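Structure first, commentary second.
Nothing in this text is a laboratory measurement; each read-out follows from the coordinates by a stated rule. All figures in this text were calculated on a predicted structure; none of them were measured in a lab. A quick note on method: Cβ atoms are made from the backbone with ideal geometry, for glycine too, and the neighbour counts reach across all protein chains shown.
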Amino acid sequence: MTIGLHCRIIGKPGRFQALKRFVEYISSKPAGQVWITRRVDIAEHWRSKYPYQKGKR
């Protein structure tokens, strides 16, 4: 799941409360069950697992 945190999107009181509840929820999960990361880290992980192979789709 990806959550956009741009000020225009999340910068409203009601939305912030929803984000707060979500962060509390994922924080309650056991270590290793939830990966909290940046988009660049997801891309790098994907690239390391599935490296580019010329000529393949």
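Set the Förster distance to 22 Å, then compute FRET efficiency between Val23 and Trp46 from the Cβ-Cβ distance, nearest 0.05. The computed FRET efficiency comes out at 0.35.
Under 20 Å from the Cα of Lys54, which aspartates and glutamates turn up, not counting those fewer than eight places away in the same chain? Within the straight-line cut-off, Lys54 pairs with Glu44. Straightening the chain between Arg57 and Ile36 buys 4.6 nm, computed as 0.36 nm per residue apart minus the Cα-Cα spacing. In whole percents, the pair-distance distribution calculated for the chain from its alpha-carbon pairs, binned every 5 Å from zero, is 4, 14, 16, 19, 16, 12, 8, 6, 4, 1.
In the chain, the DSSP-assigned H stretches of four residues or longer account for a calculated mean residue ellipticity at 222 nm of -15500 deg cm²/dmol, using -39500 (n - 2.57) per stretch and the full residue count as denominator.
Under 30 Å from the Cα of Lys20, which lysines turn up, not counting those fewer than eight places away in the same chain? Once the sequence-local lysines are set aside, what remains near Lys20 is Lys12, Lys29.
Helix 39-49 versus the longest principal axis of the chain: what is the Cα-based angle in degrees, 0 to 90, to the nearest 10? The angle comes out near 30 degrees.
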